Amino acid sequence: MRQRFSYRSSVIGWLSIAGLACALTSRSPSSAAQSKSREASAQSNRPSTVVVIDAGHGGFDRGGIPRQRIAEKTMTLDVALRLRKKLLEAGYRVVMTRDSDFFVPLSERVAIANSNDNAIFICIHFNSASRAEANGIETYYYRRDAMTLAGNIHRNVIAGAPSENRGIRRRGYYVLRKTTSPAVLVECGFLTNPTEGQLALTTAYRDKLAEEITRGILGKPALVARAPASHYYPPATEVEAQPFNGYAGTDFIKASPERSTARHRKRSKGARSKRSSHQRTAQRAKSGGHTPAKKSAPESAED
């Protein structure tokens, strides 16, 4: 009797183990399917699957200011090529406006961007100034549908670089204004600043810039802890990126409204009339209150 009970217990035990194994094996394909579904959803939620990368300057156009020690065209191309590699690994199709040291006119850069449907346009630049103390990173956009992309890229680059936050600004630069797709221009620091210029000469910094721009394009959260230039780069925690529509933080600066051409002409005409009036008054005073007839003709013609 005792043997039968032991036999039954062992059989029940083996059946329980077999049932648990079957349950685990049946769950694993489901988990894999859910993971694939999440990846597919993330892929479909991307703003674009094509990225046009524009490395600023090139060829005879060195970039920067006269007598600048570090050539901007070299730095922009290096960051752009690193960005291409990272985006290809992330599953994007990448188009380059230039992939070596040659000059591309602005109109041709825009034409390349506009010839790719469902694309985003990322323009890489470095800043320069006659004042060596000028430093920091700034990001530009023009189209309203590029606001979120500019915000995501800027937050990631700022979080990954030991540079001042110079803000996100709306400007009508040619490559931003003429493109028919969302376009963002990133100024990755001042090559004329001793600290930022020296960082730009290091492979680690240029690779980090490319990595952070990639994170921004992917919509990943920005890193909170910012790395000092002397320790490149310690671990950092993450925060979720905030929606950029209606954002009123310190890193967003609205461009002043453009002046109306008609109003400008009206003001200019008023200023000319005012000057003419002053001139007539001065001439009357000089001639004892009488304006010579020969002087009146040119003034009326000018008005």
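For Ala111, state whether it is small (Gly, Ala, Ser) and open to solvent by less than 20 Å² (accessible area, probe 1.4 Å). No; evaluated as a whole, the condition is false for this residue. When residues in the range 216-240 are screened for being over 27 Å from Ala71 (Cβ atoms) and at pLDDT 50 or above, 9 of them pass.
Scanning the range 133-148 for residues that are open to solvent by less than 60 Å² (accessible area, probe 1.4 Å) and either part of a loop (DSSP other than H, G, I, E, B) or in contact with a helix residue (DSSP H, G or I) (Cβ under 6 Å, 6 or more places away or on another chain) (or both) yields a count of 7. With the condition kept exactly as written, say whether any residue in the range 149-168 is hydroxyl-bearing (Ser, Thr, Tyr), open to solvent by less than 10 Å² (accessible area, probe 1.4 Å) and outside any loop (DSSP other than H, G, I, E, B). Taking every residue of the range 149-168 in turn, none turns out to be hydroxyl-bearing (Ser, Thr, Tyr), open to solvent by less than 10 Å² (accessible area, probe 1.4 Å) and outside any loop (DSSP other than H, G, I, E, B). Inspection of the range 78-89 identifies no residue that is in a loop (DSSP other than H, G, I, E, B) and under 30 Å from Arg131 (Cβ atoms).
In this structure, Ile120 does not satisfy being at pLDDT 95 or above and in a helix (DSSP H, G or I).
The values are calculated or read from the model by the stated rules, or taken from the named source; none is laboratory data. Keep in mind the model is a prediction, meaning the values are calculated, not measured. Cβ atoms come from the backbone with ideal geometry, glycine included; neighbour counts cover every protein chain shown. When the accessible area is computed, the model is the full protein with side chains, heavy atoms only, and any ligands, DNA or RNA have been set aside. Shrake-Rupley method; radii C 1.70, N 1.55, O 1.52, S 1.80 Å.
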